[in-house]
Amino acid sequence: MAPTLETPRLVLRPLTLEDAEPIQQIFPQWEIVKYLNAVVPWPYPRDGALAYIRDRALPAMARGEEWHWTLRRKEEPGRIIGAIGLIRGEREHRGFWLVPEWRCEGLMTEAVFAVNDYWFEVLGFPVLRAPKAVANAASRRISEKTGMRLIGTEERNLVSGRQLSEVWEITAEEWRARKAEFGV
Ligand SMILES: CC(C)(COP(=O)(O)OP(=O)(O)OC[C@H]1O[C@@H](n2cnc3c(N)ncnc32)[C@H](O)[C@@H]1OP(=O)(O)O)[C@@H](O)C(=O)NCCC(=O)NCCS
């Protein structure tokens, strides 16, 4: 199972069933879901967070196929403000979201540094790939800031419909060469 991770301003706690209710309170917002994979149901069901955590995320974590964390500010660790996850597979290795009121302060960039390091240095994967909608400027900017390369474009089914997306990539070697610059 995933360990608790820390960044300068955040604590990343492994996802648990107890997180379902607070996540249900904050996650179903168009500003959060619009660029997420269309596997996210929309409109979001009343038991959406519980069903996702209980039936998909926790079993995948137990199988060693996925690693999910809630994001909390160290100043207020009892309150979830977002989530980030890693997924074993070919194409979509990482996903994240943050409530709108805490955006543009570099918090998700911090979380990405922490989970990228976990992906490469603890899990030992050779490459991390993440697709993002071309329209999702904030997410693409995080890719740029964390040393990823654009390797292609493709159409993907998102909650907001079929959209042109970019696929970003970073290898373990590239991560190791640059992570000192990122303060990891
Ligand atoms: C993507 C997301 C997690 C970013 O979180 P965040 O904590 O605000 O990200 P950071 O502050 O670490 O970095 C965002 C960067 O994008 C920039 N940015 C934000 N909105 C932007 C916009 N509309 N146009 C251009 N740049 C933008 C910020 O200025 C920042 O760059 P900077 O540090 O160079 O100034 C958040 O917007 C979110 O939850 N979106 C909805 C879910 C989602 O789309 N997830 C990703 C799916 S691929």
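Okay, here's what the table says:
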quantity	calculated
Checking A51 against (1) touching a residue at least 12 places away in the same chain (Cβ under 8 Å); (2) surrounded by 13 or more Cβ atoms within 10 Å (Cβ to Cβ); (3) out of contact with any strand residue (DSSP E or B) (no Cβ under 7 Å at 6 or more places or on another chain); (4) closer than 14 Å to F27 by Cα, the condition it does not meet	(1)
Filtered residue count, the stretch 1-29, keeping only those that are touching a residue at least 24 places away in the same chain (Cβ under 8 Å) and more than 23 Å from A62 (Cβ to Cβ)	7
Leading residue by the ranking (farthest from the chain's Cα centre (by Cα)) among those in the stretch 42-69 that are hydrophobic (A, V, I, L, M, F, W, C) and not in a helix (DSSP H, G or I)	W42
Matching entry among I87, I151 (being in contact with a strand residue (DSSP E or B) (Cβ under 7 Å, 6 or more places away or on another chain), within 18 Å of L15 (Cβ to Cβ) and among the aliphatic types (A, V, I, L, M))	I87
Wholly enclosed strands (runs of 3 or more DSSP E) of the stretch 70-184 bearing at least 1 residues more than 13 Å from the ligand (Cβ to nearest atom)	80-87, 127-133, 149-158, 161-171
Where a residue in the stretch 100-121 is closer than 17 Å to I87 by Cβ and its partner, wherever it lies, is at pLDDT 95 or above and assigned to a loop (DSSP other than H, G, I, E, B), with Cβ under 8 Å and at least six apart	A111/T7; V112/T146; A114/T7; N116/T146; W119/H93; W119/F125
Residue that is surrounded by the fewest Cβ atoms within 10 Å (Cβ to Cβ), among those in the stretch 5-41 that are in a loop (DSSP other than H, G, I, E, B) and in contact with a Pro (Cβ under 8 Å, 6 or more places away or on another chain)	Q29
Of all residues making up the stretch 74-98, the number that are over 22 Å from V167 (Cα atoms) and crowded, with 17+ Cβ neighbours inside 10 Å	3
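The values are calculated or read from the model by the stated rules, or taken from the named source; none is laboratory data. If you're wondering where the values come from, they're calculated on a predicted model, not measured in any experiment. With ideal geometry, Cβ positions are generated from the backbone for all residues, glycine too; neighbour counts draw on all protein chains shown.
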